[in-house]
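Below: the structure, in C-alpha coordinates.
The values are calculated or read from the model by the stated rules, or taken from the named source; none is laboratory data. Keep in mind that this is a model prediction, so the values were computed, not measured. Side chains included, ligands, DNA and RNA excluded: accessible areas come from the protein's heavy atoms. Shrake-Rupley method; radii C 1.70, N 1.55, O 1.52, S 1.80 Å.
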Amino acid sequence: MDDDTRRLKRRHLIFYLDVYDESGEILGHLVDITTKGIKLVSKDPIKTGKEYKLKMQLPEEYFTDQDLHFTGRSLWADKDINPDFFATGFEISGLDNAARVIISKLINELGFND
(Lines give C-alpha, C1' and ligand atoms only; values in the text may rest on other atoms or scores of the structure.)
Protein backbone atom coordinates (compact mmCIF):
# COMPACT_ATOMS: atom_id res chain seq x y z
CA MET A 1 0.00 0.00 0.00
CA ASP A 2 1.49 3.37 -0.92
CA ASP A 3 0.92 6.69 0.82
CA ASP A 4 -1.72 7.70 -1.74
CA THR A 5 -3.97 4.80 -0.75
CA ARG A 6 -3.70 5.40 3.01
CA ARG A 7 -7.10 6.38 4.39
CA LEU A 8 -6.38 6.53 8.11
CA LYS A 9 -3.89 8.90 9.70
CA ARG A 10 -1.13 7.08 11.54
CA ARG A 11 -0.81 8.00 15.20
CA HIS A 12 2.47 7.85 17.07
CA LEU A 13 2.13 6.88 20.73
CA ILE A 14 3.80 8.29 23.81
CA PHE A 15 4.96 4.73 24.61
CA TYR A 16 6.99 2.21 22.61
CA LEU A 17 4.92 -0.90 23.30
CA ASP A 18 6.47 -4.35 22.91
CA VAL A 19 4.91 -6.70 20.36
CA TYR A 20 5.54 -10.45 20.52
CA ASP A 21 4.96 -13.32 18.10
CA GLU A 22 3.14 -16.51 19.07
CA SER A 23 6.35 -18.11 20.37
CA GLY A 24 6.71 -15.31 22.93
CA GLU A 25 9.74 -13.78 21.19
CA ILE A 26 9.76 -10.01 20.91
CA LEU A 27 9.10 -9.12 17.28
CA GLY A 28 9.52 -5.38 17.65
CA HIS A 29 8.32 -2.16 19.22
CA LEU A 30 5.14 -0.41 18.15
CA VAL A 31 5.86 3.07 16.79
CA ASP A 32 2.56 3.96 15.15
CA ILE A 33 -0.94 2.60 14.90
CA THR A 34 -4.31 2.93 13.20
CA THR A 35 -7.40 0.76 13.57
CA LYS A 36 -6.25 -1.06 10.40
CA GLY A 37 -2.51 -1.43 10.89
CA ILE A 38 0.67 -0.98 12.88
CA LYS A 39 4.31 -0.16 12.25
CA LEU A 40 7.00 -1.95 14.21
CA VAL A 41 10.68 -1.17 14.59
CA SER A 42 12.99 -4.11 15.24
CA LYS A 43 16.68 -5.02 15.46
CA ASP A 44 16.23 -7.81 12.91
CA PRO A 45 14.31 -7.79 9.62
CA ILE A 46 10.79 -9.25 9.71
CA LYS A 47 9.69 -11.45 6.82
CA THR A 48 6.99 -9.83 4.66
CA GLY A 49 3.93 -11.46 3.16
CA LYS A 50 3.42 -13.56 6.28
CA GLU A 51 0.56 -13.67 8.77
CA TYR A 52 1.56 -13.44 12.43
CA LYS A 53 -0.34 -14.07 15.65
CA LEU A 54 0.70 -11.09 17.73
CA LYS A 55 0.53 -10.01 21.34
CA MET A 56 1.04 -6.43 22.47
CA GLN A 57 1.78 -5.58 26.08
CA LEU A 58 -0.46 -2.74 27.22
CA PRO A 59 0.59 -0.05 29.72
CA GLU A 60 -0.93 -1.15 33.04
CA GLU A 61 -1.60 2.39 34.18
CA TYR A 62 -4.14 2.78 31.34
CA PHE A 63 -5.60 -0.71 30.85
CA THR A 64 -6.98 -3.47 33.05
CA ASP A 65 -6.03 -6.07 30.42
CA GLN A 66 -2.29 -6.73 30.26
CA ASP A 67 -2.16 -7.89 26.64
CA LEU A 68 -3.90 -7.38 23.33
CA HIS A 69 -3.96 -10.40 21.00
CA PHE A 70 -4.49 -9.91 17.27
CA THR A 71 -3.45 -11.11 13.83
CA GLY A 72 -1.25 -9.05 11.57
CA ARG A 73 0.03 -9.57 8.04
CA SER A 74 3.42 -8.04 7.28
CA LEU A 75 3.03 -5.98 4.11
CA TRP A 76 6.29 -4.10 3.76
CA ALA A 77 9.71 -3.77 5.39
CA ASP A 78 12.59 -1.34 5.02
CA LYS A 79 15.49 0.13 6.94
CA ASP A 80 14.31 2.48 9.67
CA ILE A 81 15.41 6.12 9.88
CA ASN A 82 18.00 4.78 12.32
CA PRO A 83 20.01 2.42 10.05
CA ASP A 84 20.62 0.02 12.97
CA PHE A 85 16.91 -0.92 12.91
CA PHE A 86 14.24 -2.17 10.52
CA ALA A 87 10.67 -0.88 10.09
CA THR A 88 7.80 -3.20 9.13
CA GLY A 89 4.18 -2.39 8.34
CA PHE A 90 1.40 -4.79 9.31
CA GLU A 91 -2.25 -4.93 8.33
CA ILE A 92 -4.40 -5.86 11.33
CA SER A 93 -7.24 -8.35 10.83
CA GLY A 94 -9.87 -10.20 12.82
CA LEU A 95 -10.32 -7.74 15.68
CA ASP A 96 -13.25 -8.29 18.00
CA ASN A 97 -15.13 -5.37 19.57
CA ALA A 98 -13.06 -5.38 22.76
CA ALA A 99 -9.81 -5.19 20.76
CA ARG A 100 -11.17 -2.29 18.68
CA VAL A 101 -12.01 -0.41 21.88
CA ILE A 102 -8.47 -0.97 23.19
CA ILE A 103 -6.89 0.24 19.94
CA SER A 104 -9.16 3.30 19.88
CA LYS A 105 -8.15 4.06 23.48
CA LEU A 106 -4.47 3.68 22.56
CA ILE A 107 -4.92 6.15 19.70
CA ASN A 108 -7.11 8.65 21.54
CA GLU A 109 -5.44 8.66 24.96
CA LEU A 110 -1.82 7.78 24.21
CA GLY A 111 -1.36 9.25 20.74
CA PHE A 112 0.52 12.43 20.04
CA ASN A 113 -1.77 15.29 19.08
CA ASP A 114 -0.13 16.14 15.80
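Once amide H atoms are built 1.01 Å from N in the peptide plane, which residues 5 or more positions from Tyr52, or in another chain, come under 5 Å H to H?
Sorted by chain and number, the residues that satisfy this are Gly72, Arg73, Ser74.
Based only on the alpha carbon positions, what is the Kirkwood hydrodynamic radius of region 7-100, in angstrom?
Over region 7-100, the inverse of the mean reciprocal pair distance is 13.5 Å.
Roll a 1.4 angstrom probe over the protein heavy atoms and tell me the percent of accessible area of region 12-89 that is carbon or sulfur.
47 percent
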